Amino acid sequence: MTGAGVMEVLYNVLVVVLIVFVATGAVPVVTAAFHFLMVPLHAVINHYRRADAHFPRVVVLIPAWNEAPVIGATVDRLMQLSYPVDRLRVCVVDDASTDDTPDVLAAKALQYPGQVIHLRREQGGQGKAHTLNHGLEVILADDWAEAVLITDADVIFTPESLEKMTRHLADPRVGAVSAYIAEGSRDRNYMTRFIAIEYVLSQLAARRAQNVLGAQACLAGGAQLHSRANLEAIGGRIPTGTLAEDTVATFESQLHGRKMVFEPRAVVLAEEPRTIDGLWKQRLRWARGNVQVSWIYRKVWFRPHRGHHLGNIAFGLSWFSIFLLPFAMVLSSVGLIGLLLLQSDLAQLVFRALWVTASVSFLFSMLVGIQLDPRIGRHSWREAFLFPGLVSFVVMIAALFPGLIEVWLPSLFGLKLLPVGETILTVFVYVWISAAMLAAWGARAVEKTRVGRWLSPLLIYLVGYGPMLCAITVDSYIKEWRHADATWIKTEKVGRVLG
């Protein structure tokens, strides 16, 4: 083969590799679309046929540290549930609180004698899982409890939510049930509206799909109802050693042959962060926990098993499409820029293919998602529209309608882009999928400045909430690689949940 022939082969190989890089970015998009296609099937593939009116004796277990502003109202709402009062107890584990939490709980124990139990840990700060285990040790030492509902100090359960969850425990195969945690702040801001949309997509939609596929990634930490048998099967304790105790408990339950069920009709309300920094700290803990879980269960992924569905291909793709999404975004940008530098005619073609796929998936996902909770759709429609960011929305338009941005728009002002301008614009749209993550990092830095209060929301609308979550995932990679301090930091709550 001549030298020219070798170069041609190398060129073609490089082009194929770069196209594969770009296609990597489409994998999470296609996977998400597949799972949203599963959502309508939940109408016929679900657990309701095996559910029945069932009222086991339930102990509600709440870990609490400095929760005086919210714990009293939470206990009151739990005692007002439409559940047999003689079959319900509330156990609050006070993790060495330094505020008025002990006094509030003492008053509630007097108000509801025999039903509200206050357990005090004098040495706290070990993390949520250790606090929960302190309570489980006491609860399971007595044979009264037939089920344990693990929740958070600020979560407000709607009146019928618990009985909608317990009906699934009528089936002895079910080990645990999770509810739909909705963002419930009475004074919403831009961040809580974004979170509300995210929860619709990640819970009402995605967990319905997981019900259909037979494997749950995570029981909601603030609303997970375990049967006593399930807790005893996993050792009577919530696994410690990670920042994702709820996910580990979910995995362990399924590995022990128990079925996990998401109940979308059981609605609970929670207060969520209102700032970029607050969300970043919360989600960094979650993301680092997912990094740890990915490694702990490395022998489970993509290994189908008769006893559980965690090793199924669909579940593995779903998990890693989220976990490795930042890598996919960077590879896509590298592939596009590489094709541009090679002056390949395929650059524009694969760019449009990628973004058209992303656009169709985004629109389909949002249309499916917002109709599942019309209340959220009404007050968060702007955030649904701008979830990927205004800039990404413009890039989608550029992909869907070639020439609209670079030719038609300048022509309205009697202008025409010079070749250098076209090149700059092309490079920008090719790298934006990755640059958006850096921009989200910048928005967090801006929030801490004097102008951050009004400028940071604008930046998130431009950059996108989705890219911000990807930036947090990247931060989790870095923190785990550096073995940074993994102290469990709770999200501050002040009682903004709708009463």
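The values are calculated or read from the model by the stated rules, or taken from the named source; none is laboratory data. Nothing here was measured: the structure is a model prediction, and the numbers come from that model. Positions of Cβ are generated from backbone atoms using ideal geometry, with glycine treated the same way; all protein chains shown enter the neighbour counts. When the accessible area is computed, the model is the full protein with side chains, heavy atoms only, and any ligands, DNA or RNA have been set aside. Shrake-Rupley method; radii C 1.70, N 1.55, O 1.52, S 1.80 Å.
Tabulated results
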| item | result |
| --- | --- |
| Principal-axis tilt of helix 128-141 within the chain, Cα atoms, nearest 10 degrees | 30 degrees |
| Share, in percent, of DSSP beta bridges within the chain that are antiparallel, nearest 5 | 30 percent |
| Between 0 and 90°, nearest 10: helix 419-447 axis offset from the chain longest Cα axis | 20 degrees |
| Kirkwood-based shape ratio for segment 1-148, expressed as Rg/Rh from alpha carbons | 1.37 |
| Computed label-point distance, nm, for sites L14 and E137 using a 7 Å Cα→Cβ extension | 6.3 nm |
| Three semi-axes of the equivalent ellipsoid, segment 264-392, Cα gyration tensor, whole Å, largest first | 29, 25, 17 |
| 40 Å tail of the calculated P(r), the chain, as % of Cα pairs | 26 percent |
| Two-decimal Rg to Rh for segment 166-315 - Kirkwood Rh, Cα set | 0.97 |
| Within-12-Å neighbourhood charge of S380 [Cβ basis; K, R +1; D, E -1] | +1 |
| Debye-sum result for segment 160-248 in log10 I(q)/I(0), which assumes one identical scatterer on each alpha carbon, at q = 0.14, 0.15, 0.20, 0.21 Å⁻¹ | -0.60, -0.68, -1.09, -1.16 |
| Surface/4 estimate of mean projected area, convex hull on alpha-carbon atoms of segment 1-76, nm² | 13.4 nm² |
| All-pairs Cα distance distribution in segment 100-250, expressed in whole percent, bin size 10 Å | 9, 34, 38, 18, 2 |
| On Cα atoms only, tilt of 3-38 relative to the major axis of the chain in degrees | 30 degrees |
| Relative contact order computed over segment 65-132 (Cα-Cα under 8 Å; 6+ residues apart), in percent | 38 percent |
| Whole-percent carbon and sulfur share, accessible surface of segment 109-177, 1.4 Å | 50 percent |
